[in-house]
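In what follows, a structure is listed as structure tokens, so that the remarks can point back to it.
The values are calculated or read from the model by the stated rules, or taken from the named source; none is laboratory data. Source: prediction; values computed, not measured. Cβ sites come from the backbone with ideal geometry, for glycine too, and all protein chains shown count toward neighbours. Accessible surface areas use protein heavy atoms only, side chains included; no ligands, DNA or RNA. Shrake-Rupley method; radii C 1.70, N 1.55, O 1.52, S 1.80 Å.
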Amino acid sequence: EEALERIRLLLYRRLVDVNQRNFSHRVLNKMLVDSASVCFCTTTVACRRLFNDMWFHTLVIDEACQVLESESRTAFKACLEAAILVGDHKQLGPIVISNAASESEFKRSLFERLVSNGHPFIRLQTQYRMRPEIAA
């Protein structure tokens, strides 16, 4: 609630009349992202111009095993101190339609590459999503 109020105040101060100042959606989006403490988006959105020259302390990629390595790397263009990849490298990987790309290991996720190269990872002991109470 406090963050929303700050955004409302910021927009009110800077955009008394959006039409008079001729602000674009890009400028409004940049203002909102700049004032945010947390930003959720896809890896595709993370590589947009909106995030150029931005600094994030931590990047979290959910379902990282289903994201192509090249797509994961686009999210790393922002300055980071830490990255957390969440997923299961033994389950569904990225979907690649091109046979040539598949044969050249382009369909590999960054998560899978890190695990196969011996990077340490933590496996959860309990899968909460498929607990009987939830699955019923």
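Just a few scattered comments:
- Taking the C-alpha atoms of region 69-129, convex hull volume expressed per residue in Å³: 126 Å³
- Cβ crowding within 10 Å averaged over residues, with 90-100, 42-52 ranked highest first: 42-52, 90-100
- Counting only protein heavy atoms and a probe of 1.4 Å, the accessible surface of region 38-134 is 57% carbon and sulfur.
- Taking amide H as placed 1.01 Å from N in the peptide plane, residue 88 has its amide H under 5 Å from the amide H of 65, each at least 5 places away in sequence or on another chain.
- Computed over protein heavy atoms with a 1.4 Å probe, the accessible surface of region 38-134 works out to 75 Å² per residue.
- Potential extension, residue 95-residue 54 segment - 0.36 nm per residue separation minus Cα distance: 11.8 nm
- Taking amide hydrogens as placed 1.01 Å from N in the peptide plane, the amide H of residue 83 sits under 5 Å from those of 59, each at least 5 positions away in sequence or on another chain.
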